[in-house]
1. Compare the peptides 192-202, 115-125 by average per-residue count of other Cβ atoms within 10 angstrom and give them in order, highest first.
2. Please report how far the C-alpha centroid of segment 181-213 lies from that of segment 72-137, rounded to the nearest whole angstrom.
3. Where the eigenvalues come from the Cα gyration tensor of segment 58-178, what are the semi-axes √(5λ) of the equivalent ellipsoid, largest first, in whole Å?
4. Counting only DSSP beta bridges with both residues in segment 108-219, what percent are antiparallel, rounded to the nearest 5?
5. Cα to Cα, under 24 Å, and not fewer than 8 places away if on the same chain: which lysines meet these conditions relative to residue 45?
6. For segment 188-288, compute Rg over Rh where Rg is the Cα radius of gyration and Rh is the Kirkwood radius from the inverse mean 1/r over Cα pairs.
7. Dividing the convex hull volume of the alpha carbon atoms of the chain by its residue count, what do you get in Å³ per residue?
8. With 16 Å as the cut-off, how large is the P(r) tail for segment 1-110, expressed as percent of Cα-Cα pairs?
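The values are calculated or read from the model by the stated rules, or taken from the named source; none is laboratory data. All values derive from a computational prediction rather than experimental measurement. FYI the Cβ positions are ideal-geometry reconstructions off the backbone, even for glycines, and counts take in every protein chain you see. Surface accessibility is based on the protein's heavy atoms, side chains included, excluding ligands, DNA and RNA. Shrake-Rupley method; radii C 1.70, N 1.55, O 1.52, S 1.80 Å.
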Amino acid sequence: METVIDVRDLTYAYPKAAEPAVDGMDFTVGAGEIFGFLGPNGAGKSTTQKLLIGLLRGHRGRAHVWGRDPLDWGQDYYQRIGVSFELPNHYLKLTGAENLRFFASLYDGPTRDPAQLLEAVGLADAADIRVGRYSKGMQMRLTFARSLVNDPELLFLDEPTSGLDPVNARTVKDIIGDLKARGRTVFLTTHDMATADELCDRVAFVVDGRIAALDSPAELKIARSRRLVRVEYRDPAGALQTAEFGMDGLAEDPGFRAVLRDHHVETIHSREASLDEVFVDVTGRRLA
């Protein structure tokens, strides 16, 4: 897999700050990967993203994208990437369609049809409404659509589902999944564990400017799961009962076999840890 992002011993401190915001980070992101950057506010997520976008300078260590520092690419870099910030920033007196047409005009190469992008994010009916009249959720979707205008190879998405209702959050997630299917690379900054678990190939847990753990969501959860199976079943009176059995030797466990044989089983689940539980276990912090 081609390496798109290569970070080695990345360190950055804001002027007059007592501690660095990013403190010796190491990670890579491959082509076609959705890479999640998870952590609480102030963990260094947004600072790292800004360094990779080229909005900050003065770091130590390596922060390369396609083999070069973003600042060394010059303006060509922004022809190849897309960015969706957590806080919407639009021209409020322009309509949604006018905003997208304006930003499309800034690119040298082909761009996507604004009408199709607005349709994709559920804003077709609001295309000709001034953005100043949009709700926060509508502005978030417009920000996301704007990041796709130049059909970028690499996207930096900061909390792309923040403030969205479940239906529109599902729409955004589906689009992100489609981007991966087309070979695009996504750097996803979030504190939403459910979104990261669903979308990301790998996730990095970030705390105090450092990466505390990095792996696929499945491997992180399996490593800290309890090797138990919980069975919910009906007793002869029809009441719902629960029993737990060890996963090792489960096929030969007489109690487990008796439940399967003698009762109506409603559910069987392994005791898999949630990604949020793993984060707490690894970092000792909660995201909320």
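1. On the way: 192-202: 19.3, 115-125: 17.5.
Going by the mean number of other Cβ atoms within 10 Å, highest first, we get 192-202, 115-125.
2. Measuring centre to centre over Cα atoms gives 24 Å.
3. Semi-axes, largest first: 26, 16, 13 Å.
4. Of those bridges, close to 50 percent are antiparallel.
5. Here the lysines satisfying the reach criterion relative to residue 45 are 16, 136, 173, 180, 221.
6. Working: Rg = 17.8 Å, Rh = 15.7 Å.
The Rg/Rh ratio comes out at 1.13.
7. Numbers: hull volume 50.2 nm³, N = 288.
Enclosed volume per residue, from the Cα hull, is 174 Å³.
8. Details: 3959 of 5995 pairs.
Every Cα pair in segment 1-110 considered, those over 16 Å come to 66 percent.
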